[in-house]
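Asks: So that we are looking at the same thing, I have put the structure below in structure tokens.
The values are calculated or read from the model by the stated rules, or taken from the named source; none is laboratory data. Only a predicted model underlies this, so the values are computations on that prediction, with no experimental measurement involved. Note: ideal-geometry Cβ built from the backbone for every residue, glycine included; neighbour counts use all protein chains shown.
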Amino acid sequence: MDATGNVAQTWWDAVVRGFTVTHTTAVPLPALLGILACAVVLSIPRVTWRWFGLYVTFVHELGHAYAALMTGRFVHGLRIGLDHSGRLVSSGRSAFGAAWSGFWGYPAPAVVGLGLIAAFAAGRSGAAMSIGALVLLVSLIFLRNLTGILVAVLSAATAQLLILFAAPATVNYVVLALGIALSVGGVRDLFKLAGVHTRRRDRLAASDAFILGRTTGVPAFVWLTGFTVVIAGCALTSAWLLWGMLAV
């Protein structure tokens, strides 16, 4: 087997190992508070959100993309702008598929964040990282602009390096930190969307809720309520899991 084959085999063995090995890491209160503080710093100040928000937007758009694939729609491409705008182009005959895909953008970061926190709590951070690494590699085929490609390549490369070289405890902390950061970022984006519908209505045309309301005939506030229910449910469940870690 040549060098390329050895590297590929080593990578694949590491991916498979993530699904078969469990590893738990205790989280002292100071460490958890530090992770929470970092998540807030990434998601709240504009200077840091400018960059971390690109990743949250990427997860948002992947939510649209994989929801579209779930209903048999064909994904033509995905674009991400430096202003945190995103656009997914997909096609299909089902009106339900279009609505389903349109819904799962804003909730995606909170859902993924909950999944990562739950994986950490269950000692399955390795599996979460392996799934993430595979999903990010597949997602590269969707990207159609430079900003999106750079975000995806950086995310995918980081995941592959962690799988190959990071110790289990490091993977655990990365999964937990990313889960919390995505949860906070998802809530931040929801407040931003609510602001578009209440104070900055000149930007309504770019709102997923507005687009869904226009294309389905179901009022935008119903879609906003749906986003809120899913995101709030994920945030509360994540908080409950984190509290449970401290109670152990």
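Asks: Tell me, which helices (runs of 4 or more DSSP H) wholly within the range 89-166 include 1 or more residues that are under 24 Å from LEU193 (Cα atoms) and touching a helix residue (DSSP H, G or I) at 6+ places or on another chain (Cβ under 6 Å)? Working first, answer last.
Replies: Working: elements: 95-103, 107-121, 125-139, 146-165.
Output list reads 95-103, 107-121, 146-165.
Residue by residue, here is whether (1) in contact with a Gly (Cβ under 9 Å, 6 or more places away or on another chain); (2) part of a helix (DSSP H, G or I) holds:
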position: LEU212; (1), (2): yes, yes
position: VAL218; (1), (2): no, no
position: VAL222; (1), (2): yes, yes
position: ALA232; (1), (2): no, yes
position: ALA235; (1), (2): yes, yes
position: SER238; (1), (2): yes, yes
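Asks: Give the residue, chosen from THR20, THR10, THR25, that is in contact with a Pro (Cβ under 9 Å, 6 or more places away or on another chain), surrounded by fewer than 20 Cβ atoms within 10 Å (Cβ to Cβ) and under 22 Å from MET129 (Cβ atoms). Full working, then the answer.
Replies: Working: THR20 fails: in contact with a Pro (Cβ under 9 Å, 6 or more places away or on another chain); THR10 fails: in contact with a Pro (Cβ under 9 Å, 6 or more places away or on another chain).
Going through THR20, THR10, THR25 in turn, the sole match is THR25.
Asks: While we're looking at this one, here's another question. Please verify whether GLY102 is within 15 Å of the chain's Cα centre (by Cα), on the phi < 0 side of the Ramachandran plot and not hydrophobic (A, V, I, L, M, F, W, C), treating the condition exactly as stated.
Replies: On the way: within 15 Å of the chain's Cα centre (by Cα): no; on the phi < 0 side of the Ramachandran plot: yes; not hydrophobic (A, V, I, L, M, F, W, C): yes.
When the stated conditions are applied, GLY102 does not pass them.
Asks: On to the next question. Checking THR170 against (1) closer than 23 Å to VAL21 by Cα; (2) surrounded by 15 or more Cβ atoms within 10 Å (Cβ to Cβ); (3) free of Cβ contacts under 8 Å to residues at least 40 places away in the same chain; (4) β-branched (Val, Ile, Thr), only one condition comes out false. Which one?
Replies: THR170 satisfies all of (1) closer than 23 Å to VAL21 by Cα; (2) surrounded by 15 or more Cβ atoms within 10 Å (Cβ to Cβ); (3) free of Cβ contacts under 8 Å to residues at least 40 places away in the same chain; (4) β-branched (Val, Ile, Thr) except (2).
Asks: Among the residues of the range 103-131, what is the count of those that are modelled with pLDDT under 95 and either surrounded by fewer than 21 Cβ atoms within 10 Å (Cβ to Cβ) or of a type in the set (D, E, K, R) (or both)?
Replies: 6
Condition check ((1) at pLDDT 90 or above; (2) within 23 Å of SER207 (Cα to Cα); (3) among the small types (Gly, Ala, Ser)) across all residues:
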position: HIS23; (1), (2), (3): no, no, no
position: ILE44; (1), (2), (3): no, yes, no
position: ARG50; (1), (2), (3): yes, yes, no
position: TYR55; (1), (2), (3): yes, yes, no
position: PHE58; (1), (2), (3): yes, yes, no
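Asks: Moving on. Filtering the range 178-200 down to residues that are in a helix (DSSP H, G or I) and among the basic types (Lys, Arg), which residue is nearest to TYR55 (Cα to Cα)?
Replies: ARG188
Asks: Of these, LEU176, LEU162, which one is under 15 Å from the mean Cα position of the chain (by Cα) and either surrounded by 20 or more Cβ atoms within 10 Å (Cβ to Cβ) or in contact (Cβ under 8 Å) with a residue 40 or more places away in the chain (or both)? So that I can check it myself, show each step before the final result.
Replies: Numbers: LEU162 fails: under 15 Å from the mean Cα position of the chain (by Cα).
Going through LEU176, LEU162 in turn, just one is under 15 Å from the mean Cα position of the chain (by Cα) and either surrounded by 20 or more Cβ atoms within 10 Å (Cβ to Cβ) or in contact (Cβ under 8 Å) with a residue 40 or more places away in the chain (or both): LEU176.
Asks: Answer yes if at least one residue in the range 119-127 is closer than 18 Å to GLU61 by Cβ and hydroxyl-bearing (Ser, Thr, Tyr), and no otherwise. Lay out the reasoning, then the answer.
Replies: Initial filter on the range 119-127 (closer than 18 Å to GLU61 by Cβ): none.
No, there is no match, as no residue in the range 119-127 is closer than 18 Å to GLU61 by Cβ and hydroxyl-bearing (Ser, Thr, Tyr).
Asks: Ok, one more. When both residues are 6+ apart or on different chains and their Cβ atoms are under 6 Å apart, which pairs have a first residue that lies in the range 227-248 and is within 26 Å of PRO30 (Cα to Cα), and a second that is of a type in the set (S, T, N, Q) and part of a helix (DSSP H, G or I)?
Replies: ALA235/SER183; SER238/SER183
Asks: Being out of contact with any strand residue (DSSP E or B) (no Cβ under 9 Å at 6 or more places or on another chain), over 17 Å from VAL16 (Cα atoms) and modelled with pLDDT under 90 narrows it down to one residue among ALA206, ALA152; which is it? I'd like the intermediate steps shown before the answer.
Replies: Working: ALA152 fails: out of contact with any strand residue (DSSP E or B) (no Cβ under 9 Å at 6 or more places or on another chain).
Selected residue: ALA206, the only one of ALA206, ALA152 that is out of contact with any strand residue (DSSP E or B) (no Cβ under 9 Å at 6 or more places or on another chain), over 17 Å from VAL16 (Cα atoms) and modelled with pLDDT under 90.
Asks: Quick check: anything in the range 60-80 of a type in the set (D, E, K, R), surrounded by 12 or more Cβ atoms within 10 Å (Cβ to Cβ) and part of a strand (DSSP E or B)? It would help to see each step written out before you state the result.
Replies: The first filter runs over the range 60-80 and keeps only residues of a type in the set (D, E, K, R), leaving 61, 73, 79.
Remaining after also requiring surrounded by 12 or more Cβ atoms within 10 Å (Cβ to Cβ): 61, 73, 79.
Keeping just the survivors that are part of a strand (DSSP E or B) gives 79.
Yes, the range 60-80 has at least one match.
Asks: Something else: Does VAL56 meet the test of being part of a helix (DSSP H, G or I), in contact with a Leu (Cβ under 9 Å, 6 or more places away or on another chain) and either surrounded by fewer than 22 Cβ atoms within 10 Å (Cβ to Cβ) or in contact (Cβ under 8 Å) with a residue 60 or more places away in the chain (or both)?
Replies: Working: part of a helix (DSSP H, G or I): yes; in contact with a Leu (Cβ under 9 Å, 6 or more places away or on another chain): yes; either surrounded by fewer than 22 Cβ atoms within 10 Å (Cβ to Cβ) or in contact (Cβ under 8 Å) with a residue 60 or more places away in the chain (or both): yes.
Answer is yes for this residue.
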